[in-house]
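Below is one structure, written out as structure tokens, with a few remarks after it.
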Amino acid sequence: MSAKNSETCKIDFEQVEKKLGYKFQNQELLKTALTHITYANAHKIESNQRLEFLGDAVLNLVVADFLFKNFNDREGHLSKMRSNLVDEENLAKVTTKMGIEKFMLISDGKPEELQKLQSVQADLFEAVLGAIFLDSNFHTAFGYALNKLGIDNVNAHKKITLKTDYKSMLQEAMQHEGKKVTYELLKEEGKPHSREYTVQILIDNERGQVATRTSKKQAEIEVAKQTLKDKGII
């Protein structure tokens, strides 16, 4: 199904389920999971946002349980590993690998642009997971999430590596110099479903790097990274 004619075509459930690797008992749940807020508003139906909320909770519990059982690490390290596995970038990669973002129901002038947004792709994965949880049970959703994240066996810890935590690295470096790091949101613009956030970093209230990303968190990470480069720390 082409994104351009998604408003007039019925969902090819068989094709979507094949890509997902899961067959729904209640296909209405899958339809809702694929329904972007723009389409929901245009057609007065439910969007995938509530399923996304549920899927996020399921995903965090699944990953926390796996890490707790397979790693004898301190809480801070476990939290960083979980954050690495469930962050927007990683979930977007999982979604695009399956190729399910192309089946989203979107009412917008340029649906292809929305499909490519990491935030939209990550939200879609969480919505689908929430739908699978409601369609089956936690055990099934648990196994599905671990499988799609590529950590469905005890040897997976060899694959789990921490991304560089630029914000923490900068915070520690500046603390040694007795300086305070803060982030200021300069502007937030765009449609509700495709927002862009511009953030500036301040070191002891001295303004520094500026970055614009599709999430405030990613913008903060980028300015921290650039500041570390400016200071020759990385």
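Helix content alone sets the calculated 222 nm mean residue ellipticity of the chain: runs of n ≥ 4 DSSP H residues at -39500 (n - 2.57) each, divided across all residues, give -17000 deg cm²/dmol. The Kirkwood radius of the chain, taken over pairs of alpha-carbon atoms, gives through the Stokes-Einstein law at 10 °C and 1.306 mPa s a diffusion coefficient of 82 µm² s⁻¹. Helices meeting the span-like rule in the chain (full DSSP H runs, Cα extent of at least 18 Å along the helix axis, mean Kyte-Doolittle score of 0.5 or higher): 49-70, 118-135. Here the gap between residue 173 and residue 44, fully extended at 0.36 nm per residue and compared with their Cα-Cα distance, gives a gain of 41.3 nm.
Taking a straight line from the alpha carbon of residue 10, these aspartates and glutamates sit under 15 Å away, with near neighbours fewer than eight places off in the same chain left out: 28. When the charge dipole of segment 13-158 is built from unit charges on Cβ atoms (+1 for Lys and Arg, -1 for Asp and Glu) and taken about the Cα centre, the candidate among 42, 98, 138 whose Cα reaches farthest toward its positive end is 98. Over the chain, Cα pairs under 8 Å with separation of 6+ residues give a relative contact order of 19 percent.
How high is the FRET efficiency from residue 19 to residue 112, r the C-beta distance, R0 22 Å, rounded to 0.05? Write down the numbers at each step before the final one.
Values: r = 18 Å, r/R0 = 0.81.
For residue 19 and residue 112, the calculated efficiency is 0.80.
For a quick check: sort 206, 222, 113 by the number of other beta carbons within 10 angstrom, fewest at the front. If you can, show how the numbers build up before the last one.
On the way: 206 8, 222 18, 113 13.
Ordered from fewest to most neighbouring Cβ atoms within 10 Å, 206, 222, 113 come out as 206, 113, 222.
Put a plus charge on the Cβ of each Lys and Arg, a minus charge on the Cβ of each Asp and Glu, and nothing anywhere else: the dipole of the chain about its Cα centre is then about 420 debye. Modelled spin-label separation between residue 185 and residue 60, with each label point placed 7 Å from Cα along the Cα-to-Cβ direction: 1.8 nm. Which values of log₁₀ I(q)/I(0), to two decimal places, follow from the Debye formula for segment 62-102 at q = 0.32 Å⁻¹ with a uniform point scatterer at every Cα? Here log10 of I(q) over I(0) equals -1.01.
Kindly provide the Kirkwood hydrodynamic radius of segment 166-230 in Å, to one decimal, from all pairs of distinct alpha carbon atoms.
Roughly 11.9 Å, rounded to one decimal.
Every read-out reported here was derived from the displayed coordinates using simple, explicitly stated rules and does not represent laboratory data. Computed from a predicted model, the values in this text were never measured in an experiment. Cβ atoms come from the backbone with ideal geometry, glycine included; neighbour counts cover every protein chain shown.
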